[in-house]
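Step one of this worksheet: look at the structure below.
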Amino acid sequence: MKAITVIPGRPGQVRVSDVDEPRPGPDDLLVEGRLLGICGTDTDIVEGQGYGWPPSGRDRLVIGHESLGTVLQAPPSTTFAEGDLVAGIVRRPDPVPCEPCGHGEWDFCRNGRYTERGIKERDGYGSQRWVVDTHYAVKLDPALGDCGVLLEPASVLAKAWEQTERIFARATWRPRVALVTGAGPIGLLAAMMGVQRGLEVHVFDRADRGPKRRLVTDLGATFHVGDVGGIGIAPDVVIECTGYGPLVFELAEMVAPDSVICLTGISPDTRQVEAGLDEINKQMVLNNTVMFGSVNAARRNFEQGADALAKADLGWLKRMITRRVPMDGFVDGLHKQPDDVKVVVDLQA
Ligand code: BGC
């Protein structure tokens, strides 16, 4: 069968390779790969320096962590059956395990020895068939169809919102106004979940192009471009999805008192800017501001993500998937076109 394999950091080495058929163990599902979502992490692995690691003893990694497939074969005594629409969880606990990994919170791994499918020392889901232990497989509402490929990014946002809400447990008031920075797939899913929570949601993006504005306004949220400081709101909660450092610190100066800023994005850039750090520190202290980072997702966050997708408007979710490429079009899929939101690979084409 075919798989998309890469040598991390070597863009010219992306290939559709012939690999052995996967052999399911007693607890594994055998899955027919349907779609694979592409995200910035894949670009970092292929084109960046120092991100992405093949399994030990190999130089090639099967890429892909945003999965969607159909169960071909399930172990007899599980809740999974042939035909189920499933996605696989990305991270596996470290072997020690550290305390969080021992409690199923591999997303909070403390020693960095976790592995990640398609990213860190474990083959990913970019193959025509793959296996996954049932403990790391999540069932999707069959009505979602291809939109189920949005589960992995949705799980990351489900965690971001869950952790944000846990922090708000410190307060006697409830947040009302949310700002999402970045209107890519992560930002749009963050906005969708903010609207599902009944918040007044604002989405900021640097550019007004492609279908983003319509996607935002069709959620019932407000779209802003230009200068974030100029949008005239003092949000109670921010889900930051650009990874653009200078913007992050501008946010600290514009939020309402007692607000929470959740950082979900990273950037490969190494910008150096002059910033009024003492002033930012003062504002954060005097306003009880919380700024925290959030990565990856536990199993419960995948389940929350699956619920959020099932509740969403299917027509809207479908519009998130703007481009499909065949397996040998993976490299083309990595390069963003102006109208792209989520680009997916058709694993059967
Ligand atoms: C994935 C996460 C992963 C992170 C770091 C993200 O793109 O969605 O699951 O933990 O990259 O490798």
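³J(HN,Hα) across the stretch 134-139 via Karplus (A = 6.51, B = -1.76, C = 1.60, θ = phi - 60°), whole Hz, x for Gly/Pro?
With the stated coefficients, the stretch 134-139 comes to 4, 5, 10, 10, 10, 7 Hz.
Go through the stretch 196-210 residue by residue and turn each phi into a ³J(HN,Hα) via Karplus (6.51, -1.76, 1.60, θ = phi - 60°); whole Hz please, and just put x for glycine and proline.
4, 8, x, 7, 7, 10, 10, 10, 10, 9, 6, 10, 10, 9, x
Are there any chymotrypsin sites (Phe, Trp or Tyr not before Pro) in the stretch 116-202 that are in a DSSP loop and have at most 12 other Cβ atoms within 10 Å? List them by number.
Working: sites: 125, 130, 136, 161, 168, 173; in loops: 125, 173.
Those that pass, being in a loop and sparsely packed, are 173.
Among 29, 68, 150, which one shows the highest mean-square fluctuation when the chain is modelled as a Gaussian network with alpha-carbon springs under 10 Å?
Ranking 29, 68, 150 by mean-square fluctuation puts 29 first.
For the stretch 171-182, take each phi angle, set θ = phi - 60°, evaluate the Karplus expression 6.51 cos²θ - 1.76 cosθ + 1.60, and give the result in whole Hz per residue in order, putting x for glycine and proline.
9, 8, 10, 10, x, 10, 10, 10, 10, 10, 9, x
Pull out a ≥ b ≥ c, the square roots of the eigenvalues of the alpha-carbon gyration tensor of the stretch 258-337, then state rounded if a/c is under 1.5, prolate if not and a/b is larger than b/c, and oblate in the remaining case. Present the calculation step by step, with values, prior to reporting the outcome.
On the way: a/c = 2.87, a/b = 1.56, b/c = 1.85.
Oblate.
Between helix 277-286 and the chain, what is the angle of the helix's C-alpha long axis to the longest principal axis, kept within 0 to 90° and rounded to the nearest 10?
With both axes taken from Cα atoms, the answer is about 80 degrees.
Full extension from residue 273 to residue 349: what is 0.36 nm times the residue separation minus their Cα-Cα distance, to one decimal in nm? Show your work: numbers first, answer last.
On the way: separation 76, 0.36 × 76 = 27.36 nm, distance 4.54 nm.
Gain in length upon complete extension: 22.8 nm.
Cα axis of helix 299-311 to longest principal axis of the chain: angle in degrees, 0 to 90, nearest 10?
That helix lies at roughly 80 degrees to the long axis.
If you take every residue apart from residue 160 with its C-beta less than 13 Å away from the C-beta of residue 160, what net charge results, scoring Lys and Arg +1 and Asp and Glu -1? Working shown, then result.
Values: positive: 159, 166, 197; negative: 107, 162, 165, 240.
Result for the local shell: -1.
Report, in degrees rounded to the nearest 10, the 0 to 90 angle that the Cα long axis of helix 151-168 makes with the longest principal axis of the chain.
For 151-168 against the chain, the angle is about 40 degrees.
What percent does the relative contact order of the chain come to when contacts are Cα pairs within less than 8 Å and at least six residues apart? Could you put the intermediate results ahead of the total?
Values: 791 pairs, mean separation 65.9, N = 349.
Computed over the chain, the figure is 19 percent.
What relative contact order, as a whole-number percentage, does the stretch 155-293 give when Cα pairs under 8 Å and 6 or more residues apart are counted? Before the final figure, lay out the partial values.
Working: 233 pairs, mean separation 30.3, N = 139.
Over the stretch 155-293, the number comes to 22 percent.
Take every Cα-Cα distance within the stretch 155-293, group them into 10 Å bins from 0 onward, and report for each bin the whole-number percent of pairs it holds.
Whole-percent P(r) values from 0 Å outward: 12, 46, 35, 7, 0.
Considering only 274, 303, 253, give the residue with the highest GNM mean-square fluctuation for the chain, with springs between Cα atoms whenever their separation is below 10 Å.
With Cα springs under 10 Å in the chain, the top fluctuation among 274, 303, 253 is at 274.
With only Lys, Arg, Asp and Glu charged, each at its Cβ (+1 for the first two, -1 for the last two), find how big the charge dipole of the chain is about the Cα centre; round to the nearest 20 debye.
On the way: 38 positive and 48 negative charges, 39 e Å.
So the magnitude is around 180 debye.
Have a look at 263, 251, 186 and report the one farthest towards the positive end of the charge dipole of the stretch 155-293, computed about the Cα centre with Cβ charges (Lys/Arg +1, Asp/Glu -1).
Most positive-ward Cα: 186.
What shape does the chain take by its C-alpha gyration tensor, where a ≥ b ≥ c are the square roots of the eigenvalues and a/c under 1.5 counts as rounded, a/b above b/c as prolate, and the rest as oblate? Mind dumping the intermediate values first?
Values: a/c = 1.60, a/b = 1.58, b/c = 1.01.
Prolate is the answer for the chain, as a/c is 1.5 or above and a/b outweighs b/c.
Are there trypsin sites (Lys or Arg not before Pro) in the stretch 53-119 that DSSP puts in a loop and that have at most 14 other Cβ atoms within 10 Å, and which ones?
Taking the stretch 53-119 and a limit of 14 other Cβ atoms within 10 Å, the loop trypsin sites (Lys or Arg not before Pro) found are 58, 110.
Just give me a number: lysine pairs in the chain, eight or more positions apart or cross-chain, with C-alpha atoms less than 19 Å apart.
Lysine pairs satisfying the spacing and distance rule in the chain number 9.
Return the single residue from 175, 257, 76 with maximal mean-square fluctuation; model: Gaussian network over the chain, springs between Cα atoms under 10 Å.
76
Values in this text are rule-based calculations from the coordinates and carry no lab data. Since this is a predicted model, take the numbers as computed values, not measurements. Ideal geometry is used to build each Cβ from the backbone, glycine not excepted, and the neighbour counts take in all protein chains shown.
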